[in-house]
């Protein structure tokens, strides 16, 4: 593990509410290995295992980044959007936080077509070619660009297939999970008590409904990506 990556302590995880799972009636049997027990009707996640799994996931993210491979951050759930976008931008990683467009990974030609429209608008604007159009046409182009930027602006710099996909809530972003699994792209994700960890390459047992928990885990993965990039630059 790189000295630049700090894995949160057990105390920090507890303070962030990482250990709170769902009600016992909503659990997934495969999550049992990561559960400490129950508190009333709520399952409690074993944060020692969370820390162990988070370190493994951070190692992967750092290693991929060191190799020049990208980690795609996905957090379409409203609660997670701001954090995921901020941490992805901080680590200079591609991200999707507005909505997952079906085929983003499995049908890249469709996404490339949308990205080309964005690139053409940028070029026309920079060169002054937009001036030849009417104000109405310019407005239409601008509105189209803004919609595209909101949808796929975060993956403008995604070069080919990502080295891994980091997902905050795999139930919310089930299409992203399915596409990554289809292409055999490693999936790093929070694995709450109602999630099947067997569907994830690197499950991180953690509460995916508490903002502080999401922030703590996402920041750690972003730190790992940055550490890998810095290590690559110094070698």
Checklist line | Condition check for residue 35: at pLDDT 95 or above, assigned by TED's automatic domain parsing to the domain that holds residue 170 and crowded, with 17+ Cβ neighbours inside 10 Å | finding: yes
Next item on the list: Say whether the condition of being in contact (Cβ under 8 Å) with a residue 24 or more places away in the chain, more than 29 Å from residue 7 (Cβ to Cβ) and outside any helix (DSSP H, G or I) is met by at least one residue in the stretch 145-157.
Entry: yes
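Determine whether residue 2 is modelled with pLDDT under 95 and surrounded by 16 or more Cβ atoms within 10 Å (Cβ to Cβ).
Values: modelled with pLDDT under 95: yes; surrounded by 16 or more Cβ atoms within 10 Å (Cβ to Cβ): yes.
So residue 2 fits the description; yes.
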Margin query: Suppose we filter 189, 176 for residues that are buried (at least 21 other Cβ atoms within 10 Å of the Cβ) and part of a helix (DSSP H, G or I); which single one remains?
Written below: 176
Next item on the list: Go through the stretch 198-218 and count every residue that is crowded, with 17+ Cβ neighbours inside 10 Å and in contact with a helix residue (DSSP H, G or I) (Cβ under 6 Å, 6 or more places away or on another chain).
Entry: 9
Checklist line | Conditions (1) crowded, with 21+ Cβ neighbours inside 10 Å; (2) not assigned by TED's automatic domain parsing to the domain that holds residue 38; number of the one not met by residue 146 | finding: (1)
Note to self: Looking at residue 33 and the list (1) closer than 22 Å to residue 215 by Cβ; (2) outside any strand (DSSP E or B); (3) more than 21 Å from the chain's Cα centre (by Cα), which single condition is not satisfied?
What the structure shows: (1)
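Go through the residues of the stretch 72-82 one by one and say whether even a single one is more than 20 Å from residue 224 (Cα to Cα), free of Cβ contacts under 8 Å to residues at least 60 places away in the same chain and out of contact with any strand residue (DSSP E or B) (no Cβ under 6 Å at 6 or more places or on another chain). If you could, list the steps in order and put the result at the bottom.
So in the stretch 72-82, the residues more than 20 Å from residue 224 (Cα to Cα) come out as 76-79.
Subsequent filtering for residues that are free of Cβ contacts under 8 Å to residues at least 60 places away in the same chain retains 78.
Then drop every residue that is not out of contact with any strand residue (DSSP E or B) (no Cβ under 6 Å at 6 or more places or on another chain), which leaves 78.
There is at least one residue in the stretch 72-82 that is more than 20 Å from residue 224 (Cα to Cα), free of Cβ contacts under 8 Å to residues at least 60 places away in the same chain and out of contact with any strand residue (DSSP E or B) (no Cβ under 6 Å at 6 or more places or on another chain).
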Margin query: Looking for something more than 23 Å from residue 62 (Cα to Cα) and either more than 14 Å from the chain's Cα centre (by Cα) or part of a loop (DSSP other than H, G, I, E, B) (or both) - is there at least one such residue anywhere in the stretch 158-170?
Written below: no
Notebook entry, point to check: Hey, does the stretch 101-114 have a residue that's in the same structural domain as residue 197 (by TED's automatic domain parsing), within 28 Å of residue 5 (Cα to Cα) and either surrounded by 12 or more Cβ atoms within 10 Å (Cβ to Cβ) or at pLDDT below 90 (or both)?
Noted result: no
Next item on the list: Kindly list the number of the only condition in (1) at pLDDT 95 or above; (2) under 21 Å from residue 161 (Cβ atoms); (3) in a helix (DSSP H, G or I); (4) out of contact with any strand residue (DSSP E or B) (no Cβ under 8 Å at 6 or more places or on another chain) that fails for residue 92.
Entry: (3)
Note to self: I need the full set of residues from the stretch 64-92 which are buried (at least 17 other Cβ atoms within 10 Å of the Cβ) and more than 16 Å from the chain's Cα centre (by Cα), in order please.
What the structure shows: 66
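So is residue 96 farther than 21 Å from residue 172 by Cβ, crowded, with 16+ Cβ neighbours inside 10 Å and either over 16 Å from the mean Cα position of the chain (by Cα) or in the same structural domain as residue 185 (by TED's automatic domain parsing) (or both) or not? Spell out how you get there, then give the answer.
Working: farther than 21 Å from residue 172 by Cβ: no; crowded, with 16+ Cβ neighbours inside 10 Å: yes; either over 16 Å from the mean Cα position of the chain (by Cα) or in the same structural domain as residue 185 (by TED's automatic domain parsing) (or both): yes.
In short, no.
The values are calculated or read from the model by the stated rules, or taken from the named source; none is laboratory data. If you're wondering where the values come from, they're calculated on a predicted model, not measured in any experiment. Don't worry about glycine lacking a Cβ; one is built from the backbone with ideal geometry, like all the others, and counts go over all protein chains shown.
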